[in-house]
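Here the structure is laid out as structure tokens; the discussion comes afterwards.
Readers should treat all values here as calculations from the given coordinates under stated rules, not as data from a laboratory. Fair warning: this is a prediction, and the values are worked out from it, not measured in the lab. Cβ placement follows ideal geometry from the backbone for every residue including glycine, while neighbour counts extend to all protein chains displayed.
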Amino acid sequence: MTTTVAPVTNTVTDAGLKGEERTDISEQSSTDLLSAADIPWNLVIWNDPVNLMSYVSYVFQSYFGYSEAKSNKLMLEVHKKGRSIVAYGGKEQVEQHAVAMHGYGLWATVEKASSSGDGRGRKGGARG
Amino acid sequence: MAKAFKYGLKGITGYLEPAERELLRGLLDDVISMLEPELSGNEDPLTALIGLDMNVKEPSDRALLRLLPNVMKNDDAASLEFRQLTERSLREGKIGALRAAAMGLDRDELVLTREEAKLWSMALNDVRLVLAERLDIRDEADADHVHAMQDWSQAEDVESYLALVYNFTTWLQESLVQAMMASMDRKP
């Protein structure tokens, strides 16, 4: 990612992980309703040298409804580690997110949670 | 000179000189024509209607592939199947955003609603992705190298001209995203 005129100035904290998320996430993340076969898919965002850090954070905030702090944390993970799992859930749900990310111009792929070392657990997930 | 987008009482506003508008319009039109699906005469109208495209292939042009990436990293067959189901509507969505931005350039004043600003930011991003491929920006060092080109009097060849155009659209998108963030802060 790249930053030009104004770098992201917001301090990245864990505040967003402690309950700042908007309610539409938790309401729709009732993973118990999904069958086991549908669960383990990750949405991965990959780093690229073009997308602006601010834009990537904006996309996470506006599309997933993530807090600014959580969005910045994920964005920095993409930037520093080369990739980040930003959502997870059933295959179709994650594919829908992927095509939305492609609409925004982010480089997104889906993968089975087991195919990567940093797969996340079943709890939570992004907007349905 | 263009003015950075900002968020204020009127919403998200910006200013571009006529020559800058013309430049931007040309870039938007270029990306639109890249994304417009080729018309095949013997297409099944029903599959077209529901957005399927069984003839679709992975783009050979790197820039187009960046706009329409594979959905799986190591599974070409599954990526192609997904492409058949989704690529047409993805192209249409992108073209919609690019056209919205191009139409916005026809107005005297650049005053954007939040929805228009979102479409503008997506359109500018796609323009930048295409320019970056043409400039062969592969990593952060390449990006820094291009970013160092700031002086229009240095524009002596196509590449340096493209670099300046890329930096202009980068600056414009950054200011737009900052204005959009400011508008998000002030509304629930």
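State the answer as a single residue: which of B:T113, B:P59, B:G93 lies farthest towards the positive end of the charge dipole of chain B, with beta carbon charges of +1 for Lys and Arg and -1 for Asp and Glu, about the Cα centre.
The residue sitting farthest along the positive end of the dipole is B:T113.
Do you know the relative contact order of region B:3-185, to the nearest whole percent, from alpha carbon pairs under 8 angstrom that are 6+ apart? Spell out each step's value before the answer.
Working: 191 pairs, mean separation 57.1, N = 183.
Once divided by the residue count of region B:3-185, the mean separation gives 31 percent.
Based only on other Cβ atoms within 10 Å, what is the fewest-to-most ordering of B:H145, A:H79? Numbers along the way, then the final one.
Working: B:H145 13, A:H79 19.
Fewest to most other Cβ atoms nearby, the residues stand as B:H145, A:H79.
Convex hull volume of the Cα atoms in region B:134-188, per residue, in Å³?
Details: hull volume 5.1 nm³, N = 55.
Spelled out: Cα convex hull of region B:134-188, divided by residues, is 92 Å³.
How large is the charge dipole for region B:3-185, taken about the Cα centre, if only the Cβ atoms of Lys, Arg (+1) and Asp, Glu (-1) carry charge, to the nearest 20 debye?
Values: 20 positive and 35 negative charges, 138 e Å.
Charge dipole, region B:3-185, about its Cα centre: 660 debye, nearest 20.
With chain B treated as a Gaussian network of Cα nodes joined by springs under 10 Å, which of B:S153, B:S175, B:S79 yields the largest mean-square fluctuation?
B:S153
Please compute the Cα-Cα pair-distance distribution of region B:3-185 with 10 Å bins starting at 0, giving whole percents from short to long.
Spelled out bin by bin, region B:3-185 gives 9, 32, 32, 21, 6, 0 percent.
Are there trypsin sites (Lys or Arg not before Pro) in region B:6-79 that DSSP marks as loop and that have at most 10 other Cβ atoms within 10 Å, and which are they? Intermediate values should be presented prior to the final figure.
Working: sites: B:K6, B:K10, B:R21, B:R25, B:K57, B:R62, B:R66, B:K73; in loops: B:K10, B:K57, B:K73.
Hits after loop and neighbour filter: B:K10, B:K57.
Would you mind checking the tilt of helix B:158-185 against the longest principal axis of the Cα atoms of chain B, expressed as 0 to 90 degrees and rounded to 10?
Once rounded, the angle reads 80 degrees.
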